[in-house]
Amino acid sequence: MQKIPRPATTKNPPEQFHGDVWLDPIAAPQEGDQRMVVALVRFAPAARTAWHSHARGQTLHVVSGVALVGTRDGVVVEARPGETVYCPPGEEHWHGASPDDFMEHLAMLENADDPAATTTWLEHVTDEEYARAPWLDV
């Protein structure tokens, strides 16, 4: 057994995120045979990730606020606290907060054999793509 010291909160880079997003690592591989990555991610209102995919998929569990998760086919789903969204391996997606509230989710994924290939970051989500969120039509 190993108690892992709590790492500092980091602000995510603007190349991969639009708006202010902070990350608190919960589990990160400490040795070669460990693969699980878990983080609490906090999004400021309207903040979102860039388009990206994960080699082994990603599970998002909403802790607070309203999360939006969009896919390349134009679908944007809304998830509230206690709800979970699974993004399959290789699926290009984005996730972020509604325009009026902070949102927190647990991001869970498994490192690929080559940790550098775990997440593939792509271009930023446009305002038009973000505006496809179902509640923005109201």
>> Within the chain, what whole-number % of the accessible surface is contributed by carbon and sulfur, with the 1.4 Å probe and all protein chains included in the calculation?
In response: 54
>> Apply the a/c threshold of 1.5 to the C-alpha gyration tensor of the stretch 58-98 and tell me whether it is rounded, prolate or oblate.
In response: oblate
>> For the stretch 102-123 and the stretch 1-43, what is the centre-to-centre distance using only Cα atoms, to the nearest Å?
In response: 10
> Calculated from DSSP H runs of 4 or more alone, at -39500 (n - 2.57) each and per residue, what is the 222 nm mean residue ellipticity of the chain, nearest 500?
Replying inline: -500 deg cm²/dmol
> Any idea of the accessible area per residue across the stretch 40-83, 1.4 Å probe, to the nearest Å²?
Replying inline: 34
> the chain: Rg/Rh from Cα coordinates, Kirkwood Rh?
Replying inline: 0.96
> Can you give me the relative contact order of the chain as a percent, contacts being Cα pairs under 8 Å and 6 or more apart?
Replying inline: 28
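The values are calculated or read from the model by the stated rules, or taken from the named source; none is laboratory data. All of these numbers come straight from a predicted model, not from anything done at the bench. SASA here: full protein model, heavy atoms, side chains in, ligands and nucleic acids out. Shrake-Rupley method; radii C 1.70, N 1.55, O 1.52, S 1.80 Å.
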